[in-house]
Amino acid sequence: AELVQKCKFYYPNGRTDFPVRPFFLSGSLLDCFQRRKIPVRRSDNITAGPERMPNRSLLRACGMTDEEMNQPIIGVVSAYSEIIPGHINLDKIADAVKAGVRMAGGTPVLVPAIGVCDGIAMGHIGMKYSLASRELIADSVETLAQAHQLDGLVLIPNCDKIVPGMLMAAARLNIPSILVSGGPMLAGHFGGEEVSLSKTFEAVGAYKAGMMDEATFYEAECNSCPGCGSCAGMYTANSMNCLSEAIGMALPGNGTTPAVSAARIHLAKHAGMQVMEMYRRNIRPRDIMTKEAILNALTVDMALGCSTNSMLHLPAIAHEIGMDFEIDFANGISEKTPNLCHLAPAGPTYMEDLNEAGGVYAVMKELDKLGLIHKDCMTVTGKTVGENIEHAANLNPEVIRPVENPYSKTGGLAVLKGNLAPDGSVVKRSAVVDEMLVHEGPARVFECEEDAIAAIKGGKIVAGDVVVIRYEGPKGGPGMREMLNPTSAIAGMGLGSSVALITDGRFSGASRGASIGHVSPEAAVGGPIALVEEGDIIKINIPELTLQLDVSDEVLEERRKNWTPREPKVTTGYLARYAAMVTSGNRGAVLEVPKNK
């Protein structure tokens, strides 16, 4: 109390109450306040004292009153746009969040974030910008929050790179923050069954192979994606929104409550209210996003059968909190974590089914039976994980299998290593048919995605082949494009149970089959995938976690001597800067400043 009294000072608008301006505190005193969970108000840097009168005049120009300036200022970071189905409802989510912040005594301010729809960007140059946009999003959220000294953040993403980008920024800023997504899309209905986006991509392969007529093709187009929300299966967007709950940065239901439901609006209002409680208690992202929380997320990832892209995003989030995340330790988690869910594209259930079955907390409650969850981790609820899941229940054992009856005793993802991927590669094991878990076949080598698609649709790929697509990694692409078009073409043409695909690029969460991505080192830096030749035998053994090129070390060394780096595909603009700074897929494709040679 004495420290508080010493730090009070006069406000020209008559306010003399605590909290104080951070720059009035020495480092040791600031640490004392933060250890004691006393909120330190950053926004005083733009609202308090006579020297901030010009700043206040600009806030008044925005319509802000004395009363609003006297309250904590919360940034409501919305990725709303009219080009992404997962984001077209975020204006309503943002309005609900702002209402919640006001109800709890804060001043909300809406600020923007960008987003890329991977489905729309798929199959052309746009996909090069998708993963790269994650870093832009993290940087822009950091910039907005620091430039305007916001006291807290409510992060409103929904799709793919936007979710991890915002979580990365929250970890950097370490100010009270909570994430609330726009929610998943309902499943579509076509051909007498529930479907989602992956059906449209596979329909292209079927149509090209003469297995689907034009009328049915058009019907699939019109009925697979029925409205707003992130695409209905356990694709990357829904994976990351579910893992946001598991990591503790989102309220229960964030990953599974449908976008079109009133419950989604209720959730957004509660998120706005809860960020104010976090502010008052000074609960910050690094109190939540600890090593144990990352491990919780990885464990839930294995049980849900999430997108392989989570093996890019979890390492990137871990990087922001200073955790060294080596992807191959995912195998240790997978070895003891049962796969409990087969959501689309791995199975016939969808996000709405998972929601009705009890959601992410029900999955965590099942995993806790085996002692696999770190229950002491703090969350945005202000309670621990253990307290949060105490009353959770599995309401549908057909959607969330009990740990006593899993789909498999090991997790949904696997990291494969071998002479073709010394630093690792990733496969969604839960979406691979049994007959492809072990496969051996001749390499069919392509230098880019477009060439591979042309060969597949031209009937040049046959049962037993292993399609290799290289120079599509983080540097080589640049941007590490998703390969949903070739995997969907393979599945649509009836080759999903006999053809494998390997790339230093990555796969959409909508991909299924023996699709092995993130091969590291990538071809652009001289990784072994650059040395594969047409007809080489490639051996895949997912149960034994190996990816092997059946070529002797001596032959590979001779090929390496003759290998020369490719000229960069992009030499100007953001992608050129990205290619110069990005690390490999096994490290999460994070950016690092190049060291001076």
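The values are calculated or read from the model by the stated rules, or taken from the named source; none is laboratory data. Values in this document were obtained by computation on a predicted structure and should not be read as measured data. Don't worry about glycine lacking a Cβ; one is built from the backbone with ideal geometry, like all the others, and counts go over all protein chains shown. Areas reflect the complete protein model, heavy atoms only, side chains present, ligands, DNA and RNA absent. Shrake-Rupley method; radii C 1.70, N 1.55, O 1.52, S 1.80 Å.
Here is how the numbers come out for the structure above:
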quantity: Accessible-area order (highest first, 1.4 angstrom probe) of the listed residues Val593, Val426; calculated: Val593, Val426
quantity: The chain: calculated mean residue ellipticity at 222 nm from DSSP helix runs of at least 4, using -39500 (n - 2.57); calculated: -11000 deg cm²/dmol
quantity: Cβ-derived FRET efficiency at R0 60 Å, Thr384 paired with Thr571, nearest 0.05; calculated: 0.75
quantity: Listed residues Gly476, Trp563, Gly165: farthest to the positive end of the dipole of the chain (Cβ charges); calculated: Gly165
quantity: Per residue accessible area of the chain, 1.4 Å probe, in Å²; calculated: 38
quantity: Segment 339-385-segment 510-580 distance, computed between alpha-carbon centres (Å); calculated: 35
quantity: Met581/Asp328 FRET efficiency (R0 22 Å; Cβ-Cβ; nearest 0.05); calculated: 0.35
quantity: Sites Lys375 and Ile125, calculated FRET efficiency, Cβ-Cβ separation with R0 35 Å, nearest 0.05; calculated: 0.15
quantity: Accessible surface of Phe190 - all protein chains present, 1.4 Å probe, nearest 10 Å²; calculated: 20
quantity: Cα gyration tensor category, rounded, prolate or oblate, for segment 412-552 with a/c compared to 1.5; calculated: rounded
quantity: Distance in nm between pseudo-label sites at Glu398 and Ala61 (7 Å out along the Cβ direction from Cα); calculated: 6.1
quantity: In Å², nearest 10: area of Tyr471 left accessible to a 1.4 Å probe; calculated: 10
quantity: Principal semi-axes in Å for the chain [√(5λ), Cα gyration tensor, largest first]; calculated: 43, 26, 23
quantity: Proximal aspartates and glutamates to Lys569, defined as alpha-carbon separation beneath 16 angstrom and excluding residues fewer than eight positions away on the same chain; calculated: Glu447, Glu449, Glu450, Asp451, Glu472, Asp504, Glu522
quantity: Solvent-accessible area of Ile74 with every protein chain in place, 1.4 Å probe, in Å² to the nearest 10; calculated: 0
quantity: Relative contact order [Cα under 8 Å, 6+ residues apart], segment 94-191, whole percent; calculated: 26
quantity: Accessible area in the full protein assembly, largest first, 1.4 Å probe, for Met211, Met364, Met581; calculated: Met211, Met581, Met364
quantity: Share of pairwise Cα separations in segment 185-286, more than 21 Å, in percent; calculated: 49
quantity: Two-site label geometry, Glu292 and Asn541: point separation in nm, points 7 Å out along Cα→Cβ; calculated: 3.8
quantity: Gained length - Asn70 relative to Gln146, 0.36 nm times residue gap less alpha-carbon distance; calculated: 25.5 nm
quantity: The chain: antiparallel DSSP beta bridges as a percent of all, rounded to 5; calculated: 45
quantity: Which of Ser511, Val433, Val462, positive extreme of dipole for segment 433-533 (C-beta unit charges); calculated: Ser511
quantity: Antiparallel bridges, percent of DSSP beta bridges restricted to segment 361-520 (to nearest 5); calculated: 45
quantity: Shape of segment 43-158, Cα gyration tensor, a/c cut at 1.5; calculated: prolate
quantity: Where Arg102, Arg284 fall by accessible area, highest first, once all protein chains stay in place (1.4 Å); calculated: Arg102, Arg284
quantity: The chain: DSSP helices with Cα axial extent of at least 27 Å and average Kyte-Doolittle hydropathy no lower than -1.0; calculated: 262-281
quantity: Global form of segment 518-578, assessed from the alpha-carbon gyration tensor, a/c cut-off 1.5; calculated: oblate
quantity: Fraction of accessible area attributable to carbon and sulfur, the chain (%, probe 1.4 Å); calculated: 53
quantity: Total formal charge among the other residues, if their Cβ is under 10 angstrom from that of Pro397, Lys/Arg +1 and Asp/Glu -1; calculated: -2
quantity: Exposed-loop-free span, longest in the chain, where GluC sites (Glu not before Pro) count as exposed if DSSP calls them loop and at most 14 other C-beta atoms lie within 10 Å; calculated: 83-325
quantity: Within straight-line cross-link reach of Lys336, lysines at Cα separation under 28 Å, skipping those fewer than 8 residues along the same chain; calculated: Lys291, Lys365, Lys369, Lys375, Lys383, Lys409, Lys417, Lys428, Lys539
